[in-house]
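S.K.: Got a structure here, written out as structure tokens. Questions coming.
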Amino acid sequence: MVDGGNEGQGPEDPGWVRAARYAGFGFEFAGIIVAGVLLGDYLDRHLGTLPWLTLLLTIGAMVGAVRRLLWSLKKNSSR
């Protein structure tokens, strides 16, 4: 019998649920960085500042992605 108050969390999660959660972290991490690169490239091409905005937004996206990943892992490790 499944306890309704403990669905989707805790050590009772099936392995595929945890795998999907961590795969989602990877896609989110990569997506943030790719978005920073693409936005920086777009702005550089239109403002003529090549490569400075691409570098700045890529580094900013990397920092943001690491912070988001650490926050997400901390939040989900308490489950």
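S.K.: If a residue must be closer than 24 Å to GLU12 by Cα, more than 9 Å from the chain's Cα centre (by Cα) and among the small types (Gly, Ala, Ser), how many such residues does segment 24-78 contain? Please lay out each step first, then the result.
M.R.: Start the filter on segment 24-78 by keeping residues that are closer than 24 Å to GLU12 by Cα, which leaves 24-26, 69-78.
Now drop any that are not more than 9 Å from the chain's Cα centre (by Cα), which leaves 70-71, 73-78.
Keeping just the survivors that are among the small types (Gly, Ala, Ser) gives 77-78.
Count: 2.
S.K.: OK, next. Only one of LEU39, LEU43, LEU47 is over 23 Å from VAL66 (Cα atoms), in contact with a Leu (Cβ under 8 Å, 6 or more places away or on another chain), modelled with pLDDT of 95 or more and surrounded by 11 or more Cβ atoms within 10 Å (Cβ to Cβ); which?
M.R.: Values: LEU39 fails: over 23 Å from VAL66 (Cα atoms); LEU47 fails: surrounded by 11 or more Cβ atoms within 10 Å (Cβ to Cβ).
After ruling out the rest, the residue left standing is LEU43.
S.K.: Would you say ALA65 is assigned to a helix (DSSP H, G or I), surrounded by 12 or more Cβ atoms within 10 Å (Cβ to Cβ) and among the small types (Gly, Ala, Ser)?
M.R.: Numbers: assigned to a helix (DSSP H, G or I): yes; surrounded by 12 or more Cβ atoms within 10 Å (Cβ to Cβ): yes; among the small types (Gly, Ala, Ser): yes.
Here the answer is yes, as ALA65 does meet what is asked.
S.K.: Right, something else. Can you find a residue in segment 17-27 that is on the phi < 0 side of the Ramachandran plot, touching a residue at least 24 places away in the same chain (Cβ under 8 Å) and out of contact with any Ser or Thr (no Cβ under 8 Å at 6 or more places or on another chain)?
M.R.: Taking segment 17-27 and keeping what is on the phi < 0 side of the Ramachandran plot, we get 17-27.
Add one more test, that the residue is touching a residue at least 24 places away in the same chain (Cβ under 8 Å), and what stays is 21, 25.
Retained after the next criterion (residues that are out of contact with any Ser or Thr (no Cβ under 8 Å at 6 or more places or on another chain)): 21.
Scanning segment 17-27, I find at least one residue that is on the phi < 0 side of the Ramachandran plot, touching a residue at least 24 places away in the same chain (Cβ under 8 Å) and out of contact with any Ser or Thr (no Cβ under 8 Å at 6 or more places or on another chain), so the answer is yes.
S.K.: Give segment 35-65 a look and list any residue that's touching a residue at least 24 places away in the same chain (Cβ under 8 Å) and β-branched (Val, Ile, Thr), or say none.
M.R.: Filtering segment 35-65 down to residues touching a residue at least 24 places away in the same chain (Cβ under 8 Å) leaves 35-37, 58, 60-62, 64-65.
The answer is VAL37, THR58.
S.K.: In segment 15-54, what count of residues is obtained for those that are over 26 Å from SER72 (Cβ atoms), in a helix (DSSP H, G or I) and aliphatic (A, V, I, L, M)?
M.R.: Residues meeting the conditions: 3.
The values are calculated or read from the model by the stated rules, or taken from the named source; none is laboratory data. Owing to the predicted nature of the structure, the values given are computational and were not obtained by experimental measurement. Note: ideal-geometry Cβ built from the backbone for every residue, glycine included; neighbour counts use all protein chains shown.
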